[in-house]
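After the structure tokens below, expect a handful of questions from me.
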Amino acid sequence: MAPSTPLLTVRGSEGLYMVNGPPHFTESTVLPRESGKNCKVYTFSKDGTLFAWGNGEKINIISVTNKGLLHSFDLPKTVCLEFSPKNTVLATWQPYTTSKDGTAGVPNLQLYDVKTGTCLKAFIQKKMQNWCPSWSEDETICARNVNNEVHFFENNNFNTTANKLHLQKINDFVLSPGPQPYKVAVYVPGSKGAPSFVRLYKYPNFDGPHAALANKSFFKADKVTMLWNKKATAVLVIASTDVDKTGASYYGEQTLHYIATNGESAVVQLPKTGPIYDVIWNSNSTEFCAVYGFMPAKATIFNLKCDPVFDFGTGPRNAAYYSPHGHILVLAGFGNLRGQMEVWDVKNYKLISKPVASDSTYFAWCPDGEHILTATCAPRLRVNNGYKIWHYTGSILHKYDVPSNVELWQVSWQPFLDGIFPAKTITYQAVPSDLPSEEPKTATAYRPPALRNKPITNSKLHEEEPPQNMKPQPGNDKPLSKTALKNQRKHEAKKAAKQKLKAIEQLKEQAATGKQLEKNQLEKIQKEKALLQELEDLELGI
């Protein structure tokens, strides 16, 4: 039997407290409210049965099920907390400081035995980034990055290093999820003309020239993000440069790579140029969604052959979120976009709803796969702080706006293990709600005084693309052929080249009127000849 809806934890200048989930939304008695502004951090265990928080004086651990205090540690400066997967260890991190005489500081990463409350081990961990050790799901191994090596411990014995993965200057690593055999993806940045690379290994087979399960090298990478799928059969790598040398983007340049544990690898061909905003695996491990391209951005689902399966067209979006069961996908435009969401049934590729969560800085699916949390939090936004609970059909079920002199810092769901909540049949009819749906205010476009008394012409700055199913349809025996795919990509390239030429033409007109152009704009004009040649080649090729 599935439990009631998960709790919500709320942290802000009003304090720290918990709220019962739908349909109640009353304050929970699991956690007595911590008043004041001193709570800097909290965390649930992976199964949601334990809760730990800091109140500026101590770190406390309670049992969510019986509401009892388990342990209290004198760690007033702690800013990071995390439980190991099976609730054996609580990891805590405080900012690293050296003593006044310049000698080395004391260890600032502590690992506590949750059962006994004793400190198992303390390490010096200077950087907050990747501060927490990584455990396998069964806690048989635990790994951390130490001086450009990955050190492995077994069975939570932190006094002995069981294995080391040594490559020249390992910058980052990610342990695979799921059961044995354990795998690890490592990233080594390029230097002195040598490419960056990501390699996959099976623990503990690290030595020898053929030890790696797979290897992918690339030149354009100042940093990478590595994403394992749930079945640990493949990794997606988003490689990013800080600066786009072509001058096409202020955001740097990104490429998306696919690496499988069977040794296969590929560059994922994204049919629209521009930044990669988000990439996410479906929990079924057989497909992933990428959101990419200059606005309005495209969103596409790809299979394990990196072929497009469904294209959602273009829209104001920069994020994607699969539901816990993988049957619903939300595409959203948050941050500098207006908060438009598209909720899709990805089994049938049907649009369920299009709610708008204005000014949102946070989004999270509820573990039940039915409810959605959006929030506006400080310091990202210091006005209109609050949160909303939605049903995926677009209904707002609960809304909380903090008073004008109060800030909301964090809100999140209580986690649950997979399989606790069964997947339900998707409904398209909006569920009943006492709260009205919020219609966004439509901003009228600016019109110069000379045009204000003239009729409005329907001209669009961007050409919008509708959704398109890339799978073979009933009656079509074959998927798109290689030639058809090639032609499709050529068509996209032609369209991109034409858009760039149009932008160059506008810059040339501005220069002709005497406007002073920026350096990157002048460089863009210099590329006109190459773009014309590229367009001519594409025309001849088709």
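Only one of Thr88, Thr92, Thr43 is polar (S, T, N, Q), under 26 Å from Val150 (Cβ atoms) and touching a Lys or Arg at 6+ places or on another chain (Cβ under 8 Å); which? Please lay out each step first, then the result.
Working: Thr92 fails: touching a Lys or Arg at 6+ places or on another chain (Cβ under 8 Å); Thr43 fails: touching a Lys or Arg at 6+ places or on another chain (Cβ under 8 Å).
So the residue among Thr88, Thr92, Thr43 that is polar (S, T, N, Q), under 26 Å from Val150 (Cβ atoms) and touching a Lys or Arg at 6+ places or on another chain (Cβ under 8 Å) is Thr88.
Please verify whether Asp368 is surrounded by 17 or more Cβ atoms within 10 Å (Cβ to Cβ), over 17 Å from the mean Cα position of the chain (by Cα) and of a type in the set (D, E, K, R), treating the condition exactly as stated.
Yes; evaluated as a whole, the condition is true for this residue.
While we're here: Considering each of Tyr112, Tyr182 in turn, give the residue that is surrounded by 21 or more Cβ atoms within 10 Å (Cβ to Cβ), farther than 25 Å from His257 by Cβ and among the hydroxyl-bearing types (Ser, Thr, Tyr).
That would be Tyr112, the only listed residue that is surrounded by 21 or more Cβ atoms within 10 Å (Cβ to Cβ), farther than 25 Å from His257 by Cβ and among the hydroxyl-bearing types (Ser, Thr, Tyr).
Kindly state which strands (runs of 3 or more DSSP E) lie completely within region 260-318 and contain at least 1 residues that are closer than 17 Å to Val330 by Cα.
Output list reads 276-281, 287-292, 297-303, 308-315.
Quick check: is even one residue across region 291-310 within 27 Å of Phe44 (Cβ to Cβ) and of a type in the set (A, V, I, L, M)?
Within region 291-310 (the criterion being within 27 Å of Phe44 (Cβ to Cβ) and of a type in the set (A, V, I, L, M)), the answer is no, since none of the residues qualifies.
Which condition number does Thr300 fail, the rest of (1) in contact with a Pro (Cβ under 9 Å, 6 or more places away or on another chain); (2) hydroxyl-bearing (Ser, Thr, Tyr); (3) without any contact (Cβ under 8 Å) to a residue 24 or more places away in the chain being met?
So the condition that Thr300 fails would be (3).
Now, a different point. Name the residue that is farthest from Pro275 (Cα to Cα), counting only residues in region 190-221 that are among the charged types (D, E, K, R) and either surrounded by fewer than 16 Cβ atoms within 10 Å (Cβ to Cβ) or at pLDDT 85 or above (or both).
Asp207
Phe73 fails exactly one of the following numbered conditions: (1) more than 20 Å from Tyr400 (Cβ to Cβ); (2) crowded, with 17+ Cβ neighbours inside 10 Å; (3) under 29 Å from the mean Cα position of the chain (by Cα). What is the number of that condition?
Answer for Phe73: the failing condition is (3).
Could you give every pair whose Cβ atoms fall below 9 Å, whose first residue belongs to region 239-266 and is among the basic types (Lys, Arg), and whose second residue is part of a strand (DSSP E or B) and at pLDDT 60 or above, counting only separations of at least 6 or pairs across chains?
Listed pairs, sorted by first residue: Lys245/Glu253.
Of the residues Ile456, Ile420, which is at pLDDT 90 or above, of a type outside the set (Gly, Ala, Ser) and out of contact with any helix residue (DSSP H, G or I) (no Cβ under 8 Å at 6 or more places or on another chain)?
That would be Ile420, the only listed residue that is at pLDDT 90 or above, of a type outside the set (Gly, Ala, Ser) and out of contact with any helix residue (DSSP H, G or I) (no Cβ under 8 Å at 6 or more places or on another chain).
For Asp101, state whether it is under 26 Å from Asn130 (Cβ atoms), among the acidic types (Asp, Glu) and either part of a loop (DSSP other than H, G, I, E, B) or modelled with pLDDT of 90 or more (or both).
Details: under 26 Å from Asn130 (Cβ atoms): no; among the acidic types (Asp, Glu): yes; either part of a loop (DSSP other than H, G, I, E, B) or modelled with pLDDT of 90 or more (or both): yes.
So Asp101 does not fit the description; no.
Which one is modelled with the lowest pLDDT, of the residues in region 240-253 that are closer than 15 Å to Ala503 by Cβ and of a type in the set (S, T, N, Q)?
If we take residues in region 240-253 being closer than 15 Å to Ala503 by Cβ and of a type in the set (S, T, N, Q), then Ser249 is modelled with the lowest pLDDT.
So Leu81 ticks every box in (1) assigned to a loop (DSSP other than H, G, I, E, B); (2) touching a residue at least 40 places away in the same chain (Cβ under 8 Å) but one. Which box is left unticked?
Every listed condition holds for Leu81 apart from (1).
Need at least 2 residues that are basic (Lys, Arg) and at pLDDT below 70 per element, so show me which helices (runs of 4 or more DSSP H) inside region 462-542 make the cut, counting only ones lying wholly within it.
Working: elements: 482-512, 519-526, 528-541.
Answer list for region 462-542: 482-512.
Can I ask one more? For region 376-393, how many residues meet the condition of being crowded, with 23+ Cβ neighbours inside 10 Å and either without any contact (Cβ under 8 Å) to a residue 40 or more places away in the chain or farther than 17 Å from Val406 by Cα (or both)?
4
Every residue in region 332-361 that is of a type outside the set (Gly, Ala, Ser) and under 27 Å from Glu407 (Cα atoms), please.
Phe334, Asn336, Leu337, Arg338, Gln340, Met341, Pro355, Val356, Asp359, Thr361
Tell me, which strands (runs of 3 or more DSSP E) lie completely within region 152-240 with 3 or more residues that are within 27 Å of the chain's Cα centre (by Cα)?
In region 152-240, 172-175, 183-188, 196-202, 214-218, 223-228 are the strands (runs of 3 or more DSSP E) which contain 3 or more residues that are within 27 Å of the chain's Cα centre (by Cα).
Please tell me if Ala91 is assigned to a strand (DSSP E or B), touching a Pro at 6+ places or on another chain (Cβ under 8 Å), without any contact (Cβ under 8 Å) to a residue 40 or more places away in the chain and not charged (D, E, K, R).
Details: assigned to a strand (DSSP E or B): yes; touching a Pro at 6+ places or on another chain (Cβ under 8 Å): yes; without any contact (Cβ under 8 Å) to a residue 40 or more places away in the chain: no; not charged (D, E, K, R): yes.
Criteria not met by Ala91.
Now for a different question. May I ask you to verify whether Leu256 is surrounded by 19 or more Cβ atoms within 10 Å (Cβ to Cβ), modelled with pLDDT of 90 or more and assigned to a loop (DSSP other than H, G, I, E, B)?
Taking the combined requirement at face value, the residue does not satisfy it.
A further question on this structure: Among the numbered criteria (1) under 25 Å from Glu370 (Cα atoms); (2) in contact (Cβ under 8 Å) with a residue 24 or more places away in the chain, which single criterion is violated by Ser28?
Among (1) under 25 Å from Glu370 (Cα atoms); (2) in contact (Cβ under 8 Å) with a residue 24 or more places away in the chain, Ser28 violates only (2).
The values are calculated or read from the model by the stated rules, or taken from the named source; none is laboratory data. Fair warning: this is a prediction, and the values are worked out from it, not measured in the lab. Glycine gets a Cβ as well: all are built from the backbone with ideal geometry, and neighbour counts include every protein chain shown.
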